[in-house]
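Undergrad: Mind looking over this structure? Questions follow.
The values are calculated or read from the model by the stated rules, or taken from the named source; none is laboratory data. From a predicted model like this one, the values you see are computed outputs, not experimental measurements. Note: ideal-geometry Cβ built from the backbone for every residue, glycine included; neighbour counts use all protein chains shown.
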Amino acid sequence: MVVESLHRGRQTDRLFFALSDATRRDIVTKTLDRERSVSELGRLYPISLTAVQKHVEVLVDAGLVSKHRSGREQLVRGEVSQLLRAHTLLDELEAVWRARLERFEDVLDETTGRKSE
Amino acid sequence: MTVWNVAKNAEAKSMVITAEFKTAITNVWQLWADPRLLERWWAPPGFAATFGHHDLRPGGTIMYCMSDPNGGDRFDGTWNVIEVDAPTRLVVEDAIVEDDGTPSDGNSMTRMEIDIEAAGDTTRMILTTHFDSLEGMEQAIAMGVAEGMRACMSQIDALLAEVAA
């Protein structure tokens, strides 16, 4: 349906907008491992608490984090499953090691080439 | 192609990479055992690695730093050597430390097992990396990729899949 795809398009826009900022990406990462209060997040970045709260609101709109109250604290929780995150990180790690192993082979070729001279 | 097989286990936060090289076992071992060779391949492009301390004995430590020659990022790392069986097996646990050598806050141990074996006329190197936490994985990735080169497209794809579900 047109309305549905429009809705999905808006949701995708919100998601891309939310992820376009490094601080917001970092908030998602930090709140995936465990819940963190808004004030705790505020201490992590060289920006005002109000700015952090705005970032959190953008992430809530995009469905990337959820917010709930615990006593006097506002807690923020990343909403992407841990397992999905682990999959993504392993993919990145694989890329790191593929590049590293290419360098490994280069050094290997250089050292063994020298030995055979 | 050097990399022969990659097996990832998200639940166990582990990865096994198998690579093959057309050379003798001892040559492959040498790239881990000789700090001058190790620093030529460990750091990502644009970073200079220095392995200042390299005591390859069980209970020993290997300490290194990686720095951006343009004065940017700097990472310090320490490996605790757990097992050494030259030239076929090395097990280290990785801890990222502060400038004074103490482990960083929130850092968790990463275990790396390196097994080197003959496979016909080639040498097979099997790298097993196990992480205790997602943050440990992130640290390992951050140290393996030069600043700004890290692609976030795969993350966006994964997040989109999650939201669309």
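Undergrad: So, of the residues in the range A:41-63 that are closer than 22 Å to A:Arg85 by Cα and surrounded by fewer than 18 Cβ atoms within 10 Å (Cβ to Cβ), which turns out to be modelled with the lowest pLDDT?
TA: First, the residues of the range A:41-63 that are closer than 22 Å to A:Arg85 by Cα: A:41, A:44, A:55-63.
Subset that is surrounded by fewer than 18 Cβ atoms within 10 Å (Cβ to Cβ): A:44, A:57, A:60-61, A:63.
Working: A:Leu44: 92, A:Glu57: 94, A:Val60: 88, A:Asp61: 84, A:Gly63: 78.
Filtering first and then ranking leaves A:Gly63.
Undergrad: Answer yes or no as to whether A:Arg72 is over 15 Å from the mean Cα position of the chain (by Cα) and surrounded by fewer than 14 Cβ atoms within 10 Å (Cβ to Cβ). Can you show your working first?
TA: On the way: over 15 Å from the mean Cα position of the chain (by Cα): yes; surrounded by fewer than 14 Cβ atoms within 10 Å (Cβ to Cβ): yes.
For A:Arg72, the condition - over 15 Å from the mean Cα position of the chain (by Cα) and surrounded by fewer than 14 Cβ atoms within 10 Å (Cβ to Cβ) - is met.
Table: residues versus (1) touching a Pro at 6+ places or on another chain (Cβ under 7 Å); (2) under 30 Å from A:Gly63 (Cβ atoms); (3) at pLDDT below 90; (4) more than 8 Å from chain A (Cβ to nearest Cβ).
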{"site": "B:Met109", "(1), (2), (3), (4)": "no, no, yes, yes"}
{"site": "B:Glu117", "(1), (2), (3), (4)": "no, no, no, yes"}
{"site": "B:Asp121", "(1), (2), (3), (4)": "no, no, yes, yes"}
{"site": "B:Ser133", "(1), (2), (3), (4)": "no, yes, yes, no"}
{"site": "B:Gly136", "(1), (2), (3), (4)": "no, yes, yes, yes"}
{"site": "B:Ala140", "(1), (2), (3), (4)": "no, yes, yes, no"}
{"site": "B:Val145", "(1), (2), (3), (4)": "yes, yes, yes, no"}
{"site": "B:Met153", "(1), (2), (3), (4)": "no, yes, yes, yes"}
{"site": "B:Ile156", "(1), (2), (3), (4)": "no, yes, yes, no"}
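Undergrad: Just for the range A:76-96: of the residues that are in a strand (DSSP E or B) and surrounded by 18 or more Cβ atoms within 10 Å (Cβ to Cβ), which one is farthest from the other protein chains (Cβ to nearest Cβ)? Spell out how you get there, then give the answer.
TA: As a first pass, look at the range A:76-96 and keep what is in a strand (DSSP E or B): A:76-78.
Narrowing further to those that are surrounded by 18 or more Cβ atoms within 10 Å (Cβ to Cβ): A:76, A:78.
On the way: A:Val76: 16, A:Gly78: 10 Å.
It comes out as A:Val76.
Undergrad: Okay, next question. Is there a residue in the range A:100-117 that is under 16 Å from B:Ile141 (Cα atoms) and buried (at least 16 other Cβ atoms within 10 Å of the Cβ)?
TA: Kept after step one, since they are under 16 Å from B:Ile141 (Cα atoms), are these residues of the range A:100-117: A:100-101.
Still in the list and also buried (at least 16 other Cβ atoms within 10 Å of the Cβ): A:100-101.
Scanning the range A:100-117 turns up at least one residue that is under 16 Å from B:Ile141 (Cα atoms) and buried (at least 16 other Cβ atoms within 10 Å of the Cβ).
Undergrad: Let me ask something else about it. Looking at the range B:25-84, which of its residues are within 14 Å of another protein chain (Cβ to nearest Cβ), over 16 Å from the mean Cα position of the chain (by Cα) and aliphatic (A, V, I, L, M)?
TA: The one that is within 14 Å of another protein chain (Cβ to nearest Cβ), over 16 Å from the mean Cα position of the chain (by Cα) and aliphatic (A, V, I, L, M): B:Ile25.
Undergrad: Could you tell me whether the range B:14-21 includes any residue that is more than 21 Å from B:Phe131 (Cα to Cα) and not aromatic (Phe, Trp, Tyr)?
TA: To start, the set of residues in the range B:14-21 that are more than 21 Å from B:Phe131 (Cα to Cα) comprises B:20-21.
From what is left, the residues that are not aromatic (Phe, Trp, Tyr) are B:20.
Yes.
Undergrad: Test each condition in (1) at pLDDT below 90; (2) acidic (Asp, Glu); (3) under 30 Å from B:Val28 (Cα atoms) for A:Glu102 and report the one that comes out false.
TA: Answer for A:Glu102: the failing condition is (1).
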